[in-house]
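Coordinate-derived values only; no laboratory data. Owing to the predicted nature of the structure, the values given are computational and were not obtained by experimental measurement. All Cβ positions, even for glycine, are placed from backbone atoms using ideal geometry, and neighbour counts span all protein chains on display.
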Amino acid sequence: MSRVGIFGAGWVGLVTGACFAELGHQVVIRDVVPEKVDALRAGKVPFHEQEVPELLDRNADRLSYTLDVGEVADGADFLFVCVDTPPTYSGDADLSRVWTVVDELPRLDERTVLVMKSTVPVGTGEKVRVGLDARGLDHVGYVSNPEFLAEGRAVADFMSPDRIVIGAFDESDGDAVETLYEGLDGPVVRADVNSAEMIKLAANAFLMTRISFINEIANVCELTGADVTKVAEGVGLDHRLGPHFLRAGIGYGGSCFPKDSLALKQLASNSGYHFQLLSAVIEVNELQKRRVISKLKRHLGSLRGRRVALLGLAFKPNTDDMREAPSIVLSGRLLAEGAEVVGWDPVAGGQALPRSVEIAASVLEAVDGADAAVIVTEWDELRDLAREDVREAMANPLIVDGRNLLDPEAARAAGFAYEGIGRPIAETQPPPPPRRPDRELSEL
Ligand SMILES: NC(=O)c1ccc[n+]([C@@H]2O[C@H](COP(=O)([O-])OP(=O)(O)OC[C@H]3O[C@@H](n4cnc5c(N)ncnc54)[C@H](O)[C@@H]3O)[C@@H](O)[C@H]2O)c1
């Protein structure tokens, strides 16, 4: 069994550490945020991700947490880089945390392999290799081993990978990393470092392309009377296409897709190529989030003074991650239109939202007195939203289903005005009267 050091106790670092410990390896996880390390030492996981608490608990004797770079490097056979690579203002990936790791590496006497799991632009490995050599660490190996886990099912994705990508300068380093994953059932793709880096970026870009594609089909469906859920079913059964990532909705968010698409676009531009398709994918996604506003206006007229409940705040279900969540754009747009916004989510807090957004403790509290309820994230708790107590609590029973979670017929039969994404649109009723006197509205 190996000794594995991990830089970064975020989604990728903690899941990687927990899973390697489960596979029998000895793992030391280092972060730079003292509160995170303290919480982990006290047995608390700093974010919501199913199975992680149980894994950390079960393997506690093979896991330790530290702030100290010397401790994570001491005797390590592998050092995994799992730090964040957020976008810079220009959209390029900010690699400053990656470089901090490289710069902070202590003298390493034994052969160690530095393994890059963070998502980085193509060419990063070559630059890190030069950086390591310049620091006299030419005996430290370098391997690109991008991570493909999806939040909300991260442990399952790690333990049953679609593939394990390993790009090495020195094949023996690649072989060593491959042995770490022994016990997992998934094909291994061996590649050069540049190609391994590109596999991650291309896979994400392709998934985003499918999302924006089906969202545009949905928008055309709305204009032509087709139902995108049926269209996606029929398209997805084509074995050349497959069913995944063909769910129309209000666009993708999260910690990866938005930043990785920008980073790939910028990488292409910096290399002299205008990646037109990816630019369109990004633009379609931005517009898609905002379509909710026009749907609300169709039913309510002006949104000034209207109370709108945003149901689901995290960027997807089964996580509390709010990074680039559509709820942030939506709440900002609704407030700008003069609406009152109340949000609900079973696990995510509202800290990332504008301060004037009220946070409700339950779905019923959120919809109480609301002129519209918008399903922003497809939490299971919302599957029975079209029920009597919800209808009675709302001032105006309108559901805009941003994730096509509900059955339109059933919702309408239950007395709601219902609008999904890319589904046939029913006749609208005249907007309900404003809920407040004009004098009060002008004070908003
Ligand atoms: N979240 C995902 O679903 C996902 C999936 C695949 C790949 N990735 C990629 O993996 C990387 C990490 O993503 P994440 O979501 O885990 O990020 P995160 O922000 O949740 O975690 C990163 C952690 O690294 C820590 N850190 C920063 N500098 C450090 C240093 N010098 N030493 C030790 N720790 C340091 C931060 O404090 C933070 O806790 C990113 O490049 C991301 O694009 C993420």
* Relative exposure of T428, T377, judged by other C-beta atoms within 10 Å (fewest first) -> T428, T377
* Once amide H atoms are built 1.01 Å from N in the peptide plane, which residues 5 or more positions from A314, or in another chain, come under 5 Å H to H? -> A348
* Asked: Using θ = phi - 60° and the Karplus curve 6.51 cos²θ - 1.76 cosθ + 1.60, what whole-Hz ³J(HN,Hα) does each residue of the stretch 304-309 get, with Gly and Pro shown as x?
  -> 4, x, 7, 9, 10, 9
* Sites matching chymotrypsin sites (Phe, Trp or Tyr not before Pro) across the stretch 153-242 that sit in DSSP coil, with at most 16 neighbouring C-beta atoms within 10 Å -> F169
* Tell me the label-point distance for the pair S90, A42, using the 7 Å Cα-to-Cβ offset, in nm and rounded to one decimal. => 4.2
* Put a dot 7 Å past each Cα toward the Cβ at A203 and T100; how far apart are the dots in nm? -> 2.7
* Under a GNM of the chain (C-alpha, springs under 10 Å), which listed residue has the highest mean-square fluctuation: R355, R290, R30? -> R355
* To do: Enumerate the amide H contacts of D368 below 5 Å, restricted to partners 5 or more residues apart or on another chain; note that Pro and chain-start residues carry no placed amide H.
  => none
* Compare the Cα positions of G167, S96, F206 along the charge dipole of the chain (+1 at Cβ of Lys, Arg; -1 at Cβ of Asp, Glu; about the Cα centre) and return the one farthest towards the positive end. => F206
* Asked: So who's got an amide H within less than 5 Å of the one on V188, skipping anything under 5 residues away but keeping other chains? H placed 1.01 Å off N, in plane.
  -> I164
* Structure fact -> Sorting A395, L405, P354 by the position of each Cα along the dipole of the stretch 346-421 (Lys, Arg +1; Asp, Glu -1; all at Cβ), the one nearest the positive end of that ordering is P354
* With Cα atoms, 0 to 90° folded angle of helix 11-22 axis to the chain main axis -> 60
* Gaussian network model of the chain, springs between alpha carbon atoms under 10 Å - residue of G136, G415, G253 with greatest fluctuation -> G136
* To do: In debye, nearest 20, what is the charge dipole magnitude of the stretch 194-257 about its Cα centre with +1 on Lys and Arg Cβ and -1 on Asp and Glu Cβ, if you could check?
  => 160
* To do: Run the numbers on the stretch 1-84 and let me know its relative contact order in percent, using alpha-carbon pairs under 8 Å that are six or more apart.
  => 46
* Asked: Given only helices, namely DSSP H runs of n ≥ 4 each adding -39500 (n - 2.57), what is the per-residue ellipticity at 222 nm of the chain, to the nearest 500 deg cm²/dmol?
  -> -12000 deg cm²/dmol
* So what's the angle, to the nearest 10 degrees on a 0 to 90 scale, between helix 124-134 and the longest Cα principal axis of the chain? -> 30
* How about K297: which lysines have a C-alpha closer than 22 Å to its C-alpha, ignoring those fewer than 8 places off in the same chain? -> K289
* Asked: Which aspartates and glutamates does K36 reach when only Cα atoms under 17 Å apart count, and residues fewer than 8 places away in its own chain are ignored?
  -> E49, D57, D68, E71, D84, D320, D321
* **Sorted by Cβ neighbour density within 10 Å, fewest at the top, the residues E427, E54** => E427, E54
* Structure fact -> Rounded to the angstrom and largest first, Cα extents along the principal axes for the chain equal 75, 46, 39
* Using R₀ = 35 Å, calculate the FRET efficiency as 1/(1 + (r/R₀)^6) where r is the Cβ-Cβ separation of D138 and V220; round to 0.05. => 0.05
* Structure fact -> HN-Hα couplings for the stretch 166-174 via Karplus (6.51, -1.76, 1.60; θ = phi - 60°), in whole Hz with x for Gly/Pro, come out as 10, x, 10, 6, 10, 4, 5, 5, x
* Would you mind pulling out the separation of the Cα centroids of the stretch 84-114 and the stretch 335-390, in Å? => 39
* Asked: Which ³J(HN,Hα) values, rounded to whole Hz and listed in residue order, are derived for the stretch 394-410 from phi using the Karplus coefficients 6.51, -1.76 and 1.60 in 6.51 cos²θ - 1.76 cosθ + 1.60 with θ = phi - 60°, glycine and proline given as x?
  -> 6, 6, 9, x, 10, 10, 9, 9, x, 10, 6, 7, 9, 7, x, 4, 5
* Asked: So which residue, out of V284, V188, V228, gets the largest mean-square fluctuation from a GNM of the chain using Cα contacts under 10 Å as springs?
  -> V188
* To do: State to the nearest 20 debye the size of the charge dipole of the chain about its Cα centre, where the only charges are +1 on K and R beta carbons and -1 on D and E beta carbons.
  => 1500
* **Size of charge dipole - the stretch 89-233 - debye, nearest 20, with Cβ of Lys, Arg +1 and Asp, Glu -1, no other charges** => 220
